[in-house]
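Below you'll find the structure, written out as structure tokens, and then a few comments.
The values are calculated or read from the model by the stated rules, or taken from the named source; none is laboratory data. Since we're looking at a predicted model, the values are computed, not measured. Counting neighbours? That spans all protein chains shown, and the Cβs are built from the backbone with ideal geometry, glycine included.
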Amino acid sequence: MEVVRAGQKNVLGGELKICSVDPMTGFTRSGCCDGHEEDHGCHAVCAQMTEEFLRFSQRAGNDLSTPRPEYGFPGLKVGDRWCVCAARWEEARVAGEAALVVLESTHESALEHVKLASLRKHALDVAG
């Protein structure tokens, strides 16, 4: 059974699918990279963590590997999926260290920061 977020669109124009529930991700920890007005960081890209991206993010001041239980953050490892900031993903792409992307789980608002062609080049799900 595929779970979708009704009313929310992905970068391919279809319904937004769940990114991850283990670990639970999303700005509101819904499992989706859905859009919210309060999310000024635009956590819209469903990324599958790679060693390169985790290192890049840490160097950029956002350590995604270390658990932060006080924020309900489990710490990520290679292979985990997480809703990341579209602008940070783009910075990593330009540096040659982008994480892999799940297009059907990446919210359309990511396109305000990243070109669809760039996301497609790093896509796990190349449909669409």
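Points worth noting:
- Some residue of the stretch 82-93 being among the aromatic types (Phe, Trp, Tyr), in a strand (DSSP E or B), within 23 Å of Gly35 (Cβ to Cβ) and out of contact with any helix residue (DSSP H, G or I) (no Cβ under 9 Å at 6 or more places or on another chain): yes
- The lone exception for His40 - which of (1) surrounded by fewer than 18 Cβ atoms within 10 Å (Cβ to Cβ); (2) assigned to a loop (DSSP other than H, G, I, E, B); (3) touching a helix residue (DSSP H, G or I) at 6+ places or on another chain (Cβ under 9 Å) it fails: (3)
- Tally, over the stretch 94-116, of residues that are in contact (Cβ under 8 Å) with a residue 60 or more places away in the chain, among the β-branched types (Val, Ile, Thr) and more than 13 Å from Ile18 (Cα to Cα): 1
- Exactly one residue out of Gly96, Gly75 is touching a Ser or Thr at 6+ places or on another chain (Cβ under 6 Å) and over 16 Å from Ala123 (Cβ atoms): that is Gly75.
- Residue selection: Val102 satisfies the criterion of being closer than 23 Å to Asn10 by Cα and hydrophobic (A, V, I, L, M, F, W, C).
- Residue, nearest to Leu12 (Cα to Cα), within the stretch 105-128, restricted to residues that are charged (D, E, K, R) and in a helix (DSSP H, G or I): Glu108
- The single condition among (1) among the polar types (S, T, N, Q); (2) at pLDDT 95 or above; (3) within 13 Å of the chain's Cα centre (by Cα) that Thr25 does not satisfy is (2).
- Some residue of the stretch 115-124 being touching a strand residue (DSSP E or B) at 6+ places or on another chain (Cβ under 9 Å), at pLDDT below 95 and surrounded by fewer than 16 Cβ atoms within 10 Å (Cβ to Cβ): yes
- Conditions (1) surrounded by fewer than 17 Cβ atoms within 10 Å (Cβ to Cβ); (2) in a strand (DSSP E or B); number of the one not met by Thr28: (2)
- In the set (1) in contact with a Lys or Arg (Cβ under 8 Å, 6 or more places away or on another chain); (2) surrounded by fewer than 15 Cβ atoms within 10 Å (Cβ to Cβ), Tyr71 fails one condition alone, (1).
- Val45 loosely packed, with under 13 Cβ neighbours inside 10 Å, of a type in the set (A, V, I, L, M) and modelled with pLDDT of 95 or more: no
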